[in-house]
1. Which cross-chain or sequence-distant (5 or more) residues have an amide H under 5 Å from the amide H of Cys136, H modelled 1.01 Å from N in plane?
2. If I model a spin label at Ala225 and Ser32 as a point 7 Å from the Cα along the Cα→Cβ vector, what separation in nanometres do I get?
3. Would you calculate the separation in nanometres between label points at Glu242 and Thr69, each defined as 7 Å from the Cα along the Cα-to-beta-carbon direction?
4. 7 Å from Cα along Cα→Cβ at both Gln98 and Leu82: what's the point-to-point distance in nm?
5. Pull out the extension gain between Thr53 and Leu144, defined as 0.36 nm times the separation in residues minus the alpha carbon to alpha carbon distance; nm, one decimal.
6. Among residues other than Gly235 whose Cβ falls under 15 Å from its Cβ, what is the net charge (Lys/Arg +1, Asp/Glu -1)?
7. Return the long-range amide H neighbours of Arg80 (sequence gap of 5 or more, or a different chain), with a cut-off of under 5 Å between placed amide H atoms.
8. Could you sort the peptides 53-63, 128-138 by per-residue average Cβ neighbour count (10 Å cutoff), highest mean leading?
Amino acid sequence: MSSEQPPPPTSTAATSTTITPPPPSSTLNTPSHNLHISYLQLALTEAKKCIPTPTAFCVGAALVDPSTTPPTVLSTGYSRELPGNTHAEQCALDKYDQERLLLPSSTVLSYNTTTTDDGDGNEDDDLILYTTMEPCSERLSGNLPCVDRILQWQEVRQQQHQEQQAGRGEGKGEEEKGQARRQQQEEINSPSTLTKTRRIKTVYVGVREPETFIKKNVAWEKLKAANVKYIHVPGLEKECLEVAERGH
Ligand SMILES: [Zn+2]
């Protein structure tokens, strides 16, 4: 299985090509590594669709549901794909919400779905977000940074889930409420239920954000505080960076 890495060290340099190398502990074992590389390559394909600009990076992202066999690519996104100076992660989440976009089966990659439950009992609900560059934690435009957007997306889904569950018991007699509770419990126990919270549990990252525009990316710290794993996948840093910096 993958190992969660400690906080990435802060780079003190500020040139457009400087990138801090990943810490040695961020290594992954071969089967998982190859798998994550495959999904990051899918995200890279998205990143290559970006229209380059000197004032921003070209990033690609993919939202994946690993609970299905094979896993489902729920949506993809790339920088400025949607109107309004949008970022890749933002586009992937917005497209998932707006269109429930499903890609052709040929883009769904083979995935060993043996996952590890970390004790929260909700592993079937956990989604993975792949991004060629770590989610931004600050934007010069003042728009909501991707790391905050990811956490906001989680909160909205949690809220909807709670409202949905609470709404089941309203306006009913005691017997009906009992039935609703039993139905609710059955649905919670069912892997196919649509009432579950879809939560991004892990963000896999191709490369750290260079200090070109923002001097210190704190995505790792923010995600960790929200119990979302940030895992750097070594091996594609050079390509992710080259694609990101097109037009600079
Ligand atoms: Zn961003």
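Read-outs: derived from the displayed coordinates by stated rules, not from any lab. Here the structure is a predicted model, which is why all the values come from computation and not from measurement. Cβ atoms come from the backbone with ideal geometry, glycine included; neighbour counts cover every protein chain shown.
1. Those lying under 5 Å, H to H, from Cys136 are Cys146, Val147.
2. Label at Ala225, label at Ser32, 2.6 nm between them.
3. In this crude label model, Glu242 to Thr69 measures out at 3.8 nm.
4. Modelled inter-label distance: 0.5 nm.
5. So the chain would gain 30.8 nm between Thr53 and Leu144.
6. Details: positive: Arg208, Lys238; negative: Glu237, Glu239, Glu242.
Around Gly235, the surrounding residues sum to -1.
7. Thr86, His87, Ala88
8. Numbers: 53-63: 23.4, 128-138: 26.5.
In descending order of packing, they fall as 128-138, 53-63.
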